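What follows draws every value from the coordinates through simple rules; no lab data is involved. Predicted model only: the values in this text are computed from it and were never measured. Methodologically, a virtual Cβ is constructed for each residue, glycine included, from the backbone with ideal geometry; neighbour enumeration extends over all protein chains shown.
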């Protein structure tokens, strides 16, 4: 791994972390110079290199995927239908659903049973919107990504790792097309 290819940012945090959310490696350090960037990168070199290679593989694999065009209102209708369908399947519905543009995720589920969907989902095929909806609805029952959560996901989506990979690929594709702002 070449250290000069890693962007280093200092923020008001206690502990350093490495992010690859945009496909570009970013080392985030505390502002107080209590951690050495070179030491951190050397310590986690193997893990970091594996993540970089995986990210590059995904970017190449999904660079020519079809980008769907639908309006925000069509996306809202589609997701609302999926929410209703999965509320029956799971026996639980969100207290509130909302939509907005997000920089780092497709959707989220709060402890207050509120699901927020990223309007960027409008560019995805319906099967990935369906999967994302079910994934967030599953969080109404199981808040974290433990074994029980993935077991529930697998009941509905047998090949869920492929859906996760495809979402990852679309994220980079949309960033490359400048549809997601970094």
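Key figures for this structure:
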read-out	value
Of all DSSP beta bridges in the stretch 4-44, antiparallel share, percent nearest 5	40 percent
Folded to 0 to 90 degrees: helix 147-156 orientation relative to the chain principal axis, Cα	50 degrees
Share, in percent, of DSSP beta bridges within the stretch 45-182 that are antiparallel, nearest 5	40 percent
Sorted by Cβ neighbour density within 10 Å, fewest at the top, the residues 162, 135	162, 135
Ellipticity estimate at 222 nm from DSSP helix runs (n ≥ 4, -39,500 (n - 2.57)) divided over the chain, nearest 500	-14500 deg cm²/dmol
Sorted by Cβ density within 10 Å, fewest first, the residues 139, 44, 145	145, 44, 139
Percent antiparallel among DSSP beta bridges (both partners in the stretch 1-106, rounded to 5)	40 percent
Nearest-0.05 FRET efficiency for residue 72 and residue 13, computed from C-beta distance (R0 41 Å)	0.75
Footprinting exposure proxy for 13, 79 (fewest neighbouring C-beta atoms within 10 Å first)	13, 79
For the stretch 104-182 and the stretch 1-65, distance of Cα centres in Å	23 Å
